[in-house]
Amino acid sequence: MPTKITLPESELPTHWYNIVPDLPVPLPPPLHPGTHQPAGPEDLAPLFPMDLILQEVSDERFIEIPEEVREIYRLWRPSPLYRANRLEESIGGPARIYYKYEGVSPVGSHKPNTAVPQAYYNAKAGTTKLVTETGAGQWGSALAFACSIFGLECEVYQVRASYDQKPARRAMIEAYGATIYPSPSDRTEAGRKILEMDPDTPGSLGIAISEAVEIAAANDDVKYSLGSVLNHVLMHQTVIGEETLKQLALVDETPDVVIGCAGGGSNFSGFSFPFVREKLAGKMDPVIRAVEPAAAPSITRGSYQYDFGDAIGTTPLFKMHTLGHDFVPDPIHAGGLRYHGMAPLVSLLAEEGIIEAESLHQTETFTKAVQFARAEGIIPGPEPTHAVASAMLEAERAKENGEEKVIVFNLSGHGHFDMTAYRAYFAGELIDYEYPAERIAAAMKNVPVVAG
Ligand SMILES: *Cc1c(COP(=O)(O)O)cnc(C)c1O
């Protein structure tokens, strides 16, 4: 049995997969924040270049990847699929475990899979600068890298809690030539408003999005770039799942369980949507599971309704699982999972029962991640510790029940810049925050009521 299942560069996918035409029910459209009418491409034009807007609303099943983008993808793609032989031994039992490893990208996560095409289409459209938010810094470093390749300026608003916890990511973002500010900042009206209400706020992805959107909307040649949630972002990530399908076929495996962690939903979707396609076509029937943190359990505890993508209500309204746009999750170490909502596509699939979701506390995910690291060598980023833990718990259940399950998960990135989180774990200082029922109820009161 091979340890690494690799594909030659000639097997790099030629197309992204757009799941929209395969959905069992139509995707509810985003709504204009003021009128609550369906938002058209012209509403998105101040923020995104037209090529990306057309992808956002496309119902074509496959969209060709430009050769300029494939050339950059080849720096790290196709990424390896590992058979977790030593982890299987350490757990015992009959389960076979595979993981797709996206930590081989230049910045150590799946995020460049979309940062590169986003920078490419912006450069092609004459954008001079991209503005964005970042949580843990993974997205900021991915976009900074992509902007450096296509000659764009890049400005990053980083969630305060992560800005303070992860100075190495800041330096990395600066190494690629971008500028970075902690969010909330006093550079935007949104930031100033939130600082006035709570000067000590740890910040949130929703707040940082408000700041970046405000700056992009005010300048014609400045655009905004989002690292997750939107349809086109999820679509760019499907190279992960397309490669994994081919790799599993090489070793004659069909998965019983497909697992990814979910913050905004991009790595989970990119990994799992090609499997959802095969499942809907009746070619396989795996359980497909999104794993979220107990501190921001949007799919498992949120409600499926229209809400804003940012914290102060400037973006369009998206029908999604939400905890309320002004809900600020506790400062768990998985900064990339601290988001109040979930991608509309993931939300719809969960609502239709095609995928399932689970939430885990960080002490458990880090306990499993350390066992994983000692067996496999790779130290997972705090976000994918959720996928690692769910896969290992699945393997433990398979052992108890004597089931020969094939478990496949996405290891979305390594944790080399997140070792303060592991230090906190080893010092016994990780906090498993209680379910913040009251704060979520308060935030849900501020979600606009949308007819229909
Ligand atoms: C950003 C990030 C996530 C969470 O974002 P999704 O859009 O849900 O994938 C997960 N893992 C890693 C490594 C990340 O950088």
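The values are calculated or read from the model by the stated rules, or taken from the named source; none is laboratory data. All of these numbers come straight from a predicted model, not from anything done at the bench. So basically every Cβ, Gly included, is an ideal-geometry build from the backbone, and we count neighbours across all protein chains shown.
Worth a mention:
- Residue that is farthest from the ligand (Cβ to nearest atom), among those in segment 247-268 that are in a helix (DSSP H, G or I) and touching a strand residue (DSSP E or B) at 6+ places or on another chain (Cβ under 9 Å): L250
- Verdict on G103 being within 16 Å of the ligand (Cβ to nearest atom), farther than 30 Å from R397 by Cα and in contact with a strand residue (DSSP E or B) (Cβ under 7 Å, 6 or more places away or on another chain): no
- Total residues in segment 28-42, condition touching a residue at least 60 places away in the same chain (Cβ under 8 Å) and under 15 Å from D310 (Cβ atoms): 5
- Residues (in contact (Cβ under 8 Å) with a residue 40 or more places away in the chain and either within 24 Å of D43 (Cβ to Cβ) or of a type in the set (A, V, I, L, M) (or both)) located in segment 187-203: A190, K193, I194
- For segment 353-383, the set of residues classified as assigned to a loop (DSSP other than H, G, I, E, B) and within 16 Å of the ligand (Cβ to nearest atom) consists of I355, I378, I379, G381, P382, E383, listed by residue number.
- Residue identified as away from the ligand (no atom under 16 Å from the Cβ) and either modelled with pLDDT of 95 or more or crowded, with 16+ Cβ neighbours inside 10 Å (or both) among A389, A451, A424: A424
- Residue count, segment 339-365 (criterion: surrounded by fewer than 24 Cβ atoms within 10 Å (Cβ to Cβ) and not aliphatic (A, V, I, L, M)): 9
- Residue pairs whose Cβ atoms lie under 8 Å apart, sitting 6 or more positions apart in sequence or on different chains, and linking a residue in segment 160-185 that is touching a residue at least 40 places away in the same chain (Cβ under 8 Å) to a partner that is in a helix (DSSP H, G or I) and polar (S, T, N, Q), are Q165/T420; K166/T420; R169/Q138; R169/S141; R169/S162; M172/S141.
- Entry remark, segment 57-87: residues being among the aromatic types (F, W, Y) and buried (at least 19 other Cβ atoms within 10 Å of the Cβ) number 2 in total.
- Listed conditions (1) surrounded by fewer than 24 Cβ atoms within 10 Å (Cβ to Cβ); (2) away from the ligand (no atom under 16 Å from the Cβ) are all met by I407, apart from (1).
- With respect to the conditions (1) under 30 Å from D164 (Cβ atoms); (2) at pLDDT 95 or above; (3) touching a helix residue (DSSP H, G or I) at 6+ places or on another chain (Cβ under 7 Å), I207 falls short on a single one, namely (2).
- If you go through segment 319-338 and pick out every residue that is away from the ligand (no atom under 14 Å from the Cβ) and either at positive phi or buried (at least 22 other Cβ atoms within 10 Å of the Cβ) (or both), you end up with 7.
- N446 falls short on exactly one of the conditions (1) away from the ligand (no atom under 14 Å from the Cβ); (2) under 28 Å from I288 (Cα atoms); (3) part of a loop (DSSP other than H, G, I, E, B); (4) not hydrophobic (A, V, I, L, M, F, W, C), and that condition is (2).
- Filtering segment 350-369 to residues that are more than 17 Å from D432 (Cα to Cα) and out of contact with any strand residue (DSSP E or B) (no Cβ under 8 Å at 6 or more places or on another chain) leaves E352, G353.
So that you can scan it fast, the table gives a plain yes or no per residue for (1) away from the ligand (no atom under 13 Å from the Cβ); (2) small (G, A, S); (3) under 30 Å from L250 (Cα atoms):
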position: L87; (1), (2), (3): yes, no, yes
position: P117; (1), (2), (3): yes, no, yes
position: A123; (1), (2), (3): yes, yes, no
position: T134; (1), (2), (3): no, no, no
position: M172; (1), (2), (3): no, no, no
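- Scanning segment 86-100 for residues that are modelled with pLDDT of 95 or more and part of a loop (DSSP other than H, G, I, E, B) returns G92, P94, A95.
- Subset of segment 303-316 [surrounded by fewer than 24 Cβ atoms within 10 Å (Cβ to Cβ) and not hydroxyl-bearing (S, T, Y)]: Q305, I312, G313, P316
- Being in contact with a Ser or Thr (Cβ under 9 Å, 6 or more places away or on another chain), within 16 Å of the ligand (Cβ to nearest atom) and in a helix (DSSP H, G or I) is not true of A216.
- Subset of segment 219-232 that is assigned to a loop (DSSP other than H, G, I, E, B) and in contact with a Phe, Trp or Tyr (Cβ under 9 Å, 6 or more places away or on another chain) - its residue that is farthest from A343 (Cα to Cα): S225
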